[in-house]
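> Quick one: the structure is below, questions incoming.
The values are calculated or read from the model by the stated rules, or taken from the named source; none is laboratory data. Computed from a predicted model, the values in this text were never measured in an experiment. Positions of Cβ are generated from backbone atoms using ideal geometry, with glycine treated the same way; all protein chains shown enter the neighbour counts. Note: accessible area is taken over every heavy atom of the protein model, side chains too, but ligands, DNA and RNA are not part of it. Shrake-Rupley method; radii C 1.70, N 1.55, O 1.52, S 1.80 Å.
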Amino acid sequence: MLRGLLDRLGAPFEKGGPLHRLWPLWDAQDTFLYTPGKTTAGPSHGRDRLDMKRLMFTVVIALAGTVAMAFYNTGLQANLAISHGATPLPGWRTAVIAALGIGFSPDSVLAAVIHGGLWYLPVLIVTFAVGGAWEMLFAIIRRHEVSEGFLVTGMLFPLILPPTVPLWQVALGISFGVVVGKEIFGGSGFNILNPALTARAFLFFAYPSDLTGDRIWIAADTAPDAVSGATWLARFSLTGNEAFAETFHPAGGAGITAWDAFIGFLPGSMGETSVLACLFGAVILAATGIGSLRIMLAVAAGTLLMGGALNLIGSDTNPFFAVPFWWHYLMGGWAFGTVFMATEPVTAPSTDGGRVVYGFLIGVLVVLIRVVNPAYPEGMMLSILLMNVFAPLIDHFALQSNVRRRAAASALAVEGRG
């Protein structure tokens, strides 16, 4: 019945109909509900059950843990700060909570989830509304189908933003990411940079105080003046080794513990804080073959090598040299970037050897940016974007190496037969 109804309603959008120029707009919702009606035929075509829509929905399922943390931890951090004496930020969110009568108790899961949702959902809605509008516009102008690729971009972008980012900046950032990061290169499958990271990089350099530094919620041990403060990475980059022992000691102390960082109960971007949630996604992506396990392991290896090397070198002026390599795995957006950003098939190398080199260099660069440049304590975004640019070159050398190796093996085989 639904199929018949959609076919009747969709007739004006078909070729020759009065609304045929808006066919991409109609086709987008139709393919969201049903698999495409077009199929390949003949022996020259390879057929697979994994189409673009299934691939994208699998990534969305892998993001489920990080989305859950965006709801819960965002609200938890806000409620913790309020419980320590901070005044709730004024606005419609506080009015909604008051109307529901749930309060700001950090011990209530429901209160944390609802409070977090009041920050996360508006960012998600604006992202899909504005980014989806750009996708539709370019599809109509180019007269092609709306790609499912934006589904993942739209899910990723809110997760790498702080909860207090202004909604107009969300609209501006996703516009930049979709238009400049993808559409000017030809659309989905042709972009050389990750669109979600491109959008965040634009916002970071245009409005740094709203993305990191002084407007991300923290739950301090004493009553703060406001519900804002620097990220844990930014705070540590300005402190000494003694502060590291208190704030980032695995046994706990005045700050967070390794367990807190692993589970994700600390301030930061809404979906990046939980390593456990990212590992859940990593298992799904690696098991389905959508995300390259080689890249993930190579990033971890590069981080280990560079972090260990800087530990050995040491520094009397830069406390970040003393951070054990395994803390880099737990801090900031390392896990999220490794699992969901570095493994994007379009912007990563397509050769197995190239993926290893690509991931290893990301791991090296993220530690270098975090440690050697104290003014920018996070480094995952920049390291991935930089290696996105070099991915085609890495693939080129990997392919040439393979060609030379096979040519040498073929020459030896010919000599052997001679």
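> A112 passes all but one of (1) more than 23 Å from Y207 (Cβ to Cβ); (2) open to solvent by 20 Å² or more (accessible area, probe 1.4 Å); (3) assigned to a helix (DSSP H, G or I); (4) not β-branched (V, I, T); which number fails?
Going through the list (1) more than 23 Å from Y207 (Cβ to Cβ); (2) open to solvent by 20 Å² or more (accessible area, probe 1.4 Å); (3) assigned to a helix (DSSP H, G or I); (4) not β-branched (V, I, T), A112 breaks only (2).
> Only one of (1) under 30 Å from I61 (Cβ atoms); (2) open to solvent by less than 20 Å² (accessible area, probe 1.4 Å) is not met by S350, so which one is it?
In the conditions (1) under 30 Å from I61 (Cβ atoms); (2) open to solvent by less than 20 Å² (accessible area, probe 1.4 Å), S350 misses (2) alone.
> Considering only region 197-207, I want to know if a residue exists there that is under 18 Å from P345 (Cβ atoms) and surrounded by fewer than 20 Cβ atoms within 10 Å (Cβ to Cβ).
no
> Additional query: Answer yes or no: is there a residue in region 347-356 that is aliphatic (A, V, I, L, M), at pLDDT 90 or above, within 30 Å of F150 (Cβ to Cβ) and outside any loop (DSSP other than H, G, I, E, B).
Scanning region 347-356 turns up at least one residue that is aliphatic (A, V, I, L, M), at pLDDT 90 or above, within 30 Å of F150 (Cβ to Cβ) and outside any loop (DSSP other than H, G, I, E, B).
> Go through the residues of region 283-292 one by one and say whether even a single one is under 29 Å from P163 (Cα atoms) and polar (S, T, N, Q).
no
> May I pose another question? Which of the following residues is part of a helix (DSSP H, G or I) and among the polar types (S, T, N, Q): T164, T127?
T127
> When you look at T351, is it within 21 Å of the chain's Cα centre (by Cα) and polar (S, T, N, Q), yes or no?
Answer is no for this residue.
> Further question on the same structure: If you go through region 32-40 one residue at a time, do you hit one that is within 25 Å of the chain's Cα centre (by Cα) and modelled with pLDDT under 80?
Within region 32-40, one or more residues are within 25 Å of the chain's Cα centre (by Cα) and modelled with pLDDT under 80.
> If you scan region 282-302, which residues turn out to be more than 23 Å from F325 (Cβ to Cβ) and charged (D, E, K, R)?
none
> Could you please let me know if A282 is under 15 Å from the mean Cα position of the chain (by Cα) and under 27 Å from T198 (Cβ atoms)?
Yes, satisfied.
> A follow-up question, please. So is L304 surrounded by fewer than 22 Cβ atoms within 10 Å (Cβ to Cβ), modelled with pLDDT of 90 or more and in contact with a Phe, Trp or Tyr (Cβ under 8 Å, 6 or more places away or on another chain) or not?
Answer is yes for this residue.
> Which is in contact with a helix residue (DSSP H, G or I) (Cβ under 7 Å, 6 or more places away or on another chain), open to solvent by less than 20 Å² (accessible area, probe 1.4 Å), in contact (Cβ under 8 Å) with a residue 40 or more places away in the chain and not charged (D, E, K, R), of V367, V356?
V367
> May I ask you to list pairs of residues, at least six apart or on different chains, whose Cβ atoms are under 6 Å apart, with the first in region 66-93 being farther than 15 Å from P267 by Cα and surrounded by fewer than 21 Cβ atoms within 10 Å (Cβ to Cβ) and the second being at pLDDT below 90 and among the polar types (S, T, N, Q)?
Hits for this filter: P88/T94.
> Among the residues of region 172-182, is any under 21 Å from L386 (Cβ atoms) and of a type in the set (F, W, Y)?
yes
> Tell me the residue from T222, T273, T247, T288 that is at pLDDT 80 or above, farther than 30 Å from L137 by Cβ, surrounded by fewer than 18 Cβ atoms within 10 Å (Cβ to Cβ) and polar (S, T, N, Q), please.
None of the other options fit; the residue is T288.
> Anything in region 162-178 that is touching a residue at least 40 places away in the same chain (Cβ under 8 Å), open to solvent by less than 10 Å² (accessible area, probe 1.4 Å) and within 23 Å of M136 (Cβ to Cβ)? List them, or say none.
Q169, V170, I174, G177, V178
> So how many residues does region 318-342 have that are open to solvent by less than 10 Å² (accessible area, probe 1.4 Å), outside any helix (DSSP H, G or I) and in contact with a Ser or Thr (Cβ under 8 Å, 6 or more places away or on another chain)?
1
> The conditions are (1) more than 29 Å from D395 (Cα to Cα); (2) open to solvent by 60 Å² or more (accessible area, probe 1.4 Å); (3) part of a helix (DSSP H, G or I); (4) modelled with pLDDT of 85 or more, and E242 fails exactly one of them. Which is it?
(4)
> Does region 137-147 contain at least one residue that is among the hydroxyl-bearing types (S, T, Y), in contact (Cβ under 8 Å) with a residue 40 or more places away in the chain, surrounded by 16 or more Cβ atoms within 10 Å (Cβ to Cβ) and not in a loop (DSSP other than H, G, I, E, B)?
no
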